[in-house]
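A short reminder: the numbers here are calculations on the coordinates, not readings from a lab. Computed from a prediction, not measured in an experiment: that's the story for all the values here. No Cβ is skipped: glycine too gets one built from the backbone with ideal geometry, and neighbour counts run over all protein chains shown.
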Amino acid sequence: MFDKLTKQPVDKIMELMQLYREDSRDGKIDLGVGVYKNAEGVTPVMRAVKEAERQLLESQETKAYVSLVGDVAFHDAMIDLVLDGAVPRENVAAAATPGGTGAVRQAFELIRMANPDARIFTSLPTWPNHLSILDYLKIERVGYRYFDEDTRAVDFDGMMADLDGLRAGDVVLLHGCCHNPTGANLNLTEWQRVIDLLNAKGAIPMIDLAYQGFGDGLDDDAAATRLVAKSCPEVLIAASCSKNFGVYRERTGILMGISADASKTKLVQDNLSFLNRQNYSFPPDHGARVVTMILTDPTLRKMWVDELEETRLGMLRLREQMAEELQKLTGSNRFGFIAQHRGMFSRLGLPSDVVEKLRKENGIYMVGDSRINVAGLNAKTVPILAKAIADSGV
Ligand code: PLP
Ligand code: TYF
């Protein structure tokens, strides 16, 4: 049987992580995988997470199963964090999932179950796992223009022109904030125009929200998602707690299905429960429980909000420093977009031979499409990266 298997394509980001590990040079710089790192290069357990885990260790009396969709208290807390009352609670069905990826996967399966003819529109570019999961599930996908390679901002006219090809029942996958891999985002006026177009076409938005709190703040980063939630008759939201709670390996995420007609919520809820049962029965609980404790306890919540804000502002400062440094070295503002982008990532728009040269000659690791993880930088490495870019002659 096993000899019938064929080799699968590698995950380019994981491959880059491996190359970085194997590099023995001092001073190598990892700007690859999207994991937050502080100035010391450490991915810390957040203070509120440590404290919640300490409390949980003391208080938890059973590890018995919870429910097929996880704990309702987790749903309530996350619905509140993401939607903040944008729609009534009774209009939202939810299921805990193993990470944001689990939520994305379950959303795609739900779409396919509900409408096998639905096509899913994805931004050019998007997170590679979106595409690989869609292909694996044999769901038809259509790319829409998103990133303008010249301005390194959103090609909004191109995006709208491509979304004009939507048919009723198609789904449009949108990044709620902090677009991965580009760092370029829509403003709220543009979001409203996308919403109007989707509603006119009878298309359904699916929002992937993996970086709430990493861009402009917890509320600002959810503003587009909230606007979509209250403006469209049906909405899917896949939210991840991996980054903003730093609980990556605990696999904590949630899928929400919103219907303007609350009488449909029970049916959606029933199907989310069914899908969890088919794929893994009960979702992981530890991360979800810790997140719930943090969001519902004012002391823990404040501790978390404060640390998340430090994290966000740290990344913003690195962006500003990087843009300034490149301005000095190149005498132009053509890298000013780095300070405009938001979230962990920026796509720099460097040609692949330059990306390779930076890796081989300078020990600077970024993804092949020239995406950098801003959090991989610190005040000392910003000038090193800026000089290497300026010297590359781009
Ligand atoms: N969606 C996007 C766009 C991401 O960048 C990530 C990142 O890790 C995820 C979803 C899901 O992450 P996880 O499954 O680790 O929660
Ligand atoms: O884009 C990233 O770097 C993060 C982490 O298969 C990640 O989203 C990367 C690859 C992958 C899963 C997560």
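Hey, with R₀ at 25 Å, roughly what FRET efficiency would Lys7 and Lys138 work out to, going by the Cβ-Cβ distance, to 0.05? Efficiency computed from Cβ-Cβ geometry: 0.80. Farthest toward the positive end of the dipole of segment 258-329, out of Leu267, Leu318, Thr299, is the Cα of Leu267, where the dipole comes from beta carbon charges about the Cα centre. Each of Gln192 and Glu361 was given a label point 7 Å from its Cα along the Cα-to-Cβ line. The distance between the two points is 4.9 nm. Working note: Karplus 6.51/-1.76/1.60 with θ = phi - 60° gives segment 294-303 the couplings 5, 6, 9, 9, x, 5, 5, 4, 5, 4 Hz, where Gly and Pro are set to x. In order along segment 318-330, phi translates into HN-Hα couplings of 5, 4, 5, 4, 5, 5, 4, 4, 6, 4, 4, 6, 9 Hz, rounded to whole numbers, per the Karplus curve 6.51 cos²θ - 1.76 cosθ + 1.60 with θ = phi - 60° and x for Gly and Pro. Between Arg317 and Lys28, the modelled label-to-label distance comes to 2.8 nm, taking each label 7 Å out from Cα in the direction of the beta carbon. When only Cα pairs below 8 angstrom with a gap of at least 6 residues are kept, the chain shows a relative contact order of 26 percent. Each of Thr6, Thr292, Thr265 has some number of other Cβ atoms within 10 Å of its Cβ, and from fewest to most they run Thr6, Thr265, Thr292.
Below 10 angstrom from the Cβ of Leu316, what's the summed charge of the other residues (Lys, Arg +1; Asp, Glu -1)? In short, +2.
Amide H contacts of Asp208: Leu174, His175, Gly176, Ala238, each under 5 Å away and 5 or more positions distant or on a separate chain (H built 1.01 Å from N in the peptide plane; Pro and chain starts excluded).
Think of segment 65-296 as having a plus end and a minus end, set by charges on the Cβ of Lys, Arg, Asp and Glu; of Ser281, Leu163, His175, Ser281 sits farthest toward the positive end of this dipole. Where does the Debye-calculated log10 I(q)/I(0) of the chain sit at q = 0.09, 0.11, 0.13 Å⁻¹, using only Cα point scatterers of equal weight, no solvent? Values, matching the q order: -0.54, -0.81, -1.13.
Of the trypsin sites (Lys or Arg not before Pro) found in segment 111-217, the ones in coil according to DSSP and having at most 10 other Cβ atoms within 10 Å of their Cβ are Lys138.
Taking all Cα pairs closer than 8 Å and separated by 6 or more residues, the relative contact order of segment 65-296 comes to 32 percent. Qualifying GluC sites (Glu not before Pro) in segment 1-67, where qualification requires a DSSP coil assignment and no more than 16 other C-beta atoms within 10 Å, comprise Glu40, Glu61.
Placing a label point 7 Å from the Cα of Thr299 along the Cα-to-Cβ direction, the residues of segment 38-77 whose backbone N falls under 18 Å from that point are 46-60.
Per residue, the chain reaches -14500 deg cm²/dmol at 222 nm when only DSSP H runs of four or more residues are counted, each adding -39500 (n - 2.57). What you get for the chain, charging only the Cβ of Lys and Arg (+1) and of Asp and Glu (-1), is a dipole of about 580 debye around the Cα centre. In the chain the longest region clear of chymotrypsin sites (Phe, Trp or Tyr not before Pro) that are loop-assigned by DSSP and have at most 15 other C-beta atoms within 10 Å covers 66-279.
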